[in-house]
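The values are calculated or read from the model by the stated rules, or taken from the named source; none is laboratory data. Predicted model only: the values in this text are computed from it and were never measured. Glycine gets a Cβ as well: all are built from the backbone with ideal geometry, and neighbour counts include every protein chain shown. Side chains are part of the model used for accessible areas, which takes the heavy atoms of the whole protein and leaves out ligands, DNA and RNA. Shrake-Rupley method; radii C 1.70, N 1.55, O 1.52, S 1.80 Å.
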2 protein chains.
Amino acid sequence: MSGAGDTAAPLGGFFGLELPDTGAGLWAHWGAARGLAFANATSALAALVRRAAPGAVWFPGFVCAEFTHAVPEGQRRYYAVDEDLGPEAGTLDPAPGDIVVGVNYFGRAAGAAGAAWRARVAAHPRVTFVEDCAQALDTGVAPWGQWRLYSPRKLAGIPDGGLLVPMDGAGGRQVLPPAPEAPPVEAVQAALAAKLARMEHPLDNALWHPMNQAHEAAHAVSGQGMSTLSRRLMGLIDVAAVSARRHENYRVLAEALAPWSVLADPDPAFVPFGFPVRLAPGQRDRVAQALYGQGIFPAVHWRDLPGVPSARDRARAESWLTLPCDQRWSVDDMARMARAFAGAAA
Amino acid sequence: MSGAGDTAAPLGGFFGLELPDTGAGLWAHWGAARGLAFANATSALAALVRRAAPGAVWFPGFVCAEFTHAVPEGQRRYYAVDEDLGPEAGTLDPAPGDIVVGVNYFGRAAGAAGAAWRARVAAHPRVTFVEDCAQALDTGVAPWGQWRLYSPRKLAGIPDGGLLVPMDGAGGRQVLPPAPEAPPVEAVQAALAAKLARMEHPLDNALWHPMNQAHEAAHAVSGQGMSTLSRRLMGLIDVAAVSARRHENYRVLAEALAPWSVLADPDPAFVPFGFPVRLAPGQRDRVAQALYGQGIFPAVHWRDLPGVPSARDRARAESWLTLPCDQRWSVDDMARMARAFAGAAA
């Protein structure tokens with residue numbers, strides 16, 4: 001190392017942020033080291049599409065419209081989503097070389113152990129299947145696609161990141177697209193701002209809510225990578241504890257709100273994203289407003305659907321609500337929310 | 001909890017930053033929960049002085065001038081620092097009710113096991129003694145003062161914080177000043193910016209060095225508290241690992257650079273802050289520049305001394321240099337630095 005001179009890493013001076021680099025936690029659970037970490041999942045999908053150069057990319061009609069911006073408009077195709085949240089027969093017809101994106105809604109792979117997808121994958125050996133795991137910390141079953149997309153910020157307090165991970169067991173070795181570039185520090189600060197504000201001032205909704213809205217609106221497809229900050233934070237997530245807390249919370253909601261439940265199983269093997277409920281037509285936004293007024297913030301999946309959705313997909317987007325059951329909340333929080341929901345929906 | 005309404009914590013919505021809240025690590029090691037956590041140590045001392053309303057506050061002449069701004073100018077008194085880095089006989093003469101600040105230089109309590117200070121404390125039962133532990137992760141001996149001040153950002157990659165911790169064993173129960181207020185998120189962002197930049201782009205000195213300079217210049221006495229971010233990061237510091245790494249690194253430097261060493265013990269019981277070296281008069285800045293040119297950034301303690309320093313204190317400030325030996329660096333880094341130093345100092 002003698003004469004390392006200008007090219008060696010700086011030695012001394014003020015400390016950079018000191019955050020353990022465990023390589024464990026959620027980072028290890030998702031096998032992220034085998035894949036690529038982009039700034040967001042839309043960018044990760046865009047990189048895969050650029051490399052694979054498919055004829056078309058198939059999306060479900062029930063999905064976040066912004067996610068489809070990973071693909072040039074002319075290449076987008078849509079299929080309808082059936083009652084079990086799998087692809088509806090007759091609407092998904094990929095040609096060889098196409099890519100099909102399927103969503104593991106609310107954390108669950110459609111069909112018994114993902115059977116709804118496995119049949120499609122077997123029937124289309126020259127099509128690439130991508131599992132969108134934005135809502136799936138762990139589906140509890142083997143992967144059905146050749147790739148998985150993960151979006152840690154949907155499941156935990158991670159500022160940025162969208163992971164593209166090859167599933168070696170399901171179709172042989174995949175070729176990774178080119179790696180993304182390290183993000184500029186301003187991008188990391190922007191992704192962090194609202195989350196930092198919420199951690200520092202947890203009760204000050206008026207501080208962090210607008211910060212988050214502004215940042216969510218700024219998401220874009222880019223060749224930027226995930227931050228080191230987010231990677232290390234993922235390494236600190238206790239996956240077993242998070243999963244246990246989500247399961248326990250979900251059971252409280254499944255018991256209290258069974259008449260509204262979208263999903264049949266009150267104690268599923270997959271790690272639940274949230275507890276989706278189905279309301280009467282026209283009732284959803286009224287109930288959501290009533291809950292907001294009590295400081296309860298369920299999510300709507302999704303206010304903006306892409307393409308021309310089927311009647312069923314449109315109905316979901318208009319009448320479903322996803323109640324939170326994540327690791328931040330206790331069973332007491334769940335009981336309070338269940339009472340508030342039942343009161344508002346009555 | 002029924003009817004909690006607007007006053008309950010918000011439930012759901014986007015995630016705040018997810019960082020384990022262990023209450024362990026450096027936070028526990030310093031007993032921080034028994035004390036108060038301000039934005040910086042100067043503010044912590046200022047709060048103590050405001051509550052205690054002493055006639056005078058005694059500082060060593062060899063100290064960072066900015067630190068003395070915790071106290072109104074008219075109340076400041078200075079004593080000289082002797083060859084062993086304890087108070088020089090005849091220069092420290094506190095009256096009852098005064099406060100004396102003593103620095104555990106480079107991590108070490110002066111005298112055998114802090115004896116230089118214990119004798120003073122015993123001789124002045126009506127004087128309050130404050131140990132400045134800005135450089136002391138662990139002195140390896142029992143506290144000698146009634147209070148300790150800690151400054152985590154001097155010892156680890158923590159964005160902000162200055163802790164005031166009562167030492168119950170050394171003078172009975174202390175009364176804490178009023179607690180500081182939660183810092184605005186802008187202050188946390190400002191404290192974090194350069195550290196985040198250095199973590200994200202570790203080789204890009206031209207990015208983070210000016211960011212750090214700008215922030216250091218902005219430090220001020222305030223009633224703001226330490227951030228939640230910094231508190232949680234402290235909880236993640238592995239004190240045993242950090243201490244072991246610092247000891248191992250220090251031994252490499254003590255062996256290679258013995259002729260320049262300020263401290264006698266090549267393998268001390270205290271956790272070393274750095275490895276201070278003594279150069280010939282007029283040589284220090286030339287050596288520092290030569291090291292900067294090789295990407296090695298030793299520290300100068302201190303470019304600005306307060307008051308009218310003794311000849312010995314002035315000589316230290318002009319001819320000493322502190323080489324880093326902290327947890328970021330390996331023994332190979334130490335060997336490289338030792339070679340560079342010996343070459344520049346020859």
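Could you work out the relative contact order of chain B, using alpha carbon pairs under 8 angstrom and six or more residues apart, expressed as a whole percent?
Working: 623 pairs, mean separation 72.3, N = 346.
Reported as a whole number, the value is 21 percent.
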Probe 1.4 Å, accessible area per residue of the protein assembly as shown, Å²
39
Mean other chain Cβ within 10 Å across A:16-25 is 6
Per the 1/(1 + (r/R0)^6) rule, R0 = 25 Å and r from the Cβ atoms of B:Ala264 and B:Ala346, FRET efficiency to 0.05 is 0.60
Once both labels are modelled 7 Å past Cα along the beta-carbon direction, what's the A:Ala311-B:Ala122 spacing in nm?
9.4
By what distance, in whole Å, do the Cα atoms of the protein assembly as shown stretch along each of the three principal axes, largest value first?
94, 62, 33
What's the carbon and sulfur percent of chain A's accessible surface, probe 1.4 angstrom, rounded to a whole number?
55
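Counting helices only, and only those DSSP H runs with n ≥ 4, report the 222 nm mean residue ellipticity of chain B as the sum of -39,500 (n - 2.57) divided by its residues, in deg cm²/dmol to the nearest 500.
When only DSSP H runs of four or more count, the value is -10000 deg cm²/dmol.
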For segment A:21-237, restrict the atom set to alpha-carbon positions and state the Rg and Dmax in Å.
17.3, 52
Distances from B:Val262 to the same position in the other copies: list them in nm, one decimal, shortest first, using label points 7 Å from Cα along Cα→Cβ.
6.3
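What does the structure give for B:323-336 when I average, per residue, the other chain Cβ atoms found within 10 Å of the residue Cβ? Numbers along the way, then the final one.
Working: counts 2, 4, 1, 3, 2, 7, 3, 0, 0, 1, 5, 1, 2, 6.
Per residue, the number of nearby Cβ atoms from other chains is 3 on average.
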Output, in nm with one decimal and in ascending order, the distances from the A:Ala241 label point to the matching label points of the other copies (7 Å from Cα along Cα-to-Cβ).
1.6
In debye to the nearest 20, how big a dipole does chain A give about its Cα centre with +1 on each Lys and Arg Cβ and -1 on each Asp and Glu Cβ?
380
So how far apart, in nm, are the two label points at B:Ala220 and A:Ala65 if each is 7 Å from Cα heading toward Cβ?
4.6
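Going by average Cβ neighbours within 10 Å, how do the peptides A:221-228, B:42-49 rank, with the highest at the top? Spell out each step's value before the answer.
Details: A:221-228: 21.1, B:42-49: 24.9.
Result, highest mean first: B:42-49, A:221-228.
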Pick out, from B:Leu17, A:Pro180, A:Asn104, the residue whose Cα sits farthest towards the positive end of the charge dipole of the protein assembly as shown, with +1 on the Cβ of Lys and Arg and -1 on the Cβ of Asp and Glu.
A:Asn104
Starting from the Cα of B:Ala179, step 7 Å along the direction of its Cβ; do the same at B:Thr22; then give the gap between the two resulting points in nm.
2.4
Given a 1.4 Å probe, show me the residues in segment A:197-219 buried by at least 30 Å² of accessible surface when comparing the whole protein assembly to the chain alone.
A:Arg198, A:Met199, A:Glu200, A:His201, A:Leu203, A:Asn212
Mind checking the mean number of beta-carbon atoms from other chains within 10 Å of the Cβ atoms in B:240-252?
0
Summing both sides, how much accessible area is buried between B and A? Use a 1.4 Å probe and give Å² to the nearest 100.
5900
Label point 7 Å beyond Cα along the C-beta direction, distances from B:Pro125 to other copies (nm, shortest first)
9.4
